[in-house]
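Trainee: Sending over a structure as structure tokens; questions will come in a sec.
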Amino acid sequence: IRFHDALWLSGLFYGIKPAVAAIVVQAAHRMGSRALKNPSLWAIAAAAFMAIFAIELPFPLIIALAAAIGFVGGRIAPQTFQTGGGHAAQQTTSGEALIDDNTPTPDHARFSWRGLMQVLVVGLLLWAVPMSVLCAVFGWQHDYTQMAWFFTKAALLTFGGAYAVLPYVYQGAVSQFAWVTPTQMMDGLALGETLSLIHISE
């Protein structure tokens, strides 16, 4: 954002952004082809797309509505909401594995209420301390505090990987709070994708 007037940087982003857009589209297609196995699921996905981009419904509301439709529909017509795929569809094997579905769960990985409470307490402290500092230093309405709160909700309300969270981030960062312009968000996404690809290649 600070050096957006630099011509060489703008030229660099003009080359990167189409490649990143292609990566995002390919990832969305890959995720969709695994999850959307019948017309009912395609209809829910299309309705969600229209709800966030055309009607501009809040992302948490769309997730709640989709979950409710899946919950009710899965009980009324389970065959319609059967996604298929996943581990059940993979019939091929590469031979015996050291750890497979029949391997007993080790003691340290077994569920316990005490372990859950410890994780929750530590997690809440790691979130509450910096959030309290932001509120004390800048106030609740400051951009830094609002960004921390917004991405807290993003972390709790989204699932499905980085690309699934993009509509929610766009809705908040661009449309609702105007922290960045659409072009700046695309530049940031291009930069983030480029750096992650460089890291993976190393």
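The values are calculated or read from the model by the stated rules, or taken from the named source; none is laboratory data. Quantities reported herein were computed from a predicted structural model and do not represent experimental measurements. Please note: Cβ atoms are built from the backbone with ideal geometry, for glycine as well, and neighbour counts cover all protein chains shown. Calculation scope for accessible area: heavy atoms of the full protein, side chains included, ligands and nucleic acids excluded. Shrake-Rupley method; radii C 1.70, N 1.55, O 1.52, S 1.80 Å.
Trainee: Could you grab me the full set of residues in the stretch 1-57 that are surrounded by fewer than 15 Cβ atoms within 10 Å (Cβ to Cβ) and not in a helix (DSSP H, G or I)?
Mentor: Ile1, Arg2, Phe3, His4, Asp5, Ala6, Asn38, Ala54, Ile55, Glu56
Trainee: Residues of the stretch 58-80 being without any contact (Cβ under 8 Å) to a residue 40 or more places away in the chain and assigned to a loop (DSSP other than H, G, I, E, B), which ones?
Mentor: Within the stretch 58-80, Ala77, Pro78, Gln79 meet the criteria.
Residue-wise test of (1) open to solvent by 60 Å² or more (accessible area, probe 1.4 Å); (2) modelled with pLDDT of 90 or more; (3) under 22 Å from Ala28 (Cα atoms).
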residue	(1), (2), (3)
His108	yes, no, no
Val121	yes, yes, no
Leu126	yes, yes, no
Cys135	no, yes, no
Tyr144	yes, yes, no
Leu156	yes, no, yes
Gln171	no, no, yes
Ala178	yes, yes, no
Ala190	no, no, yes
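Trainee: May I ask you to list the residues in the stretch 50-67 that are under 18 Å from Ala35 (Cβ atoms) and at pLDDT below 85?
Mentor: Selection gives Ile52, Phe59, Ile63.
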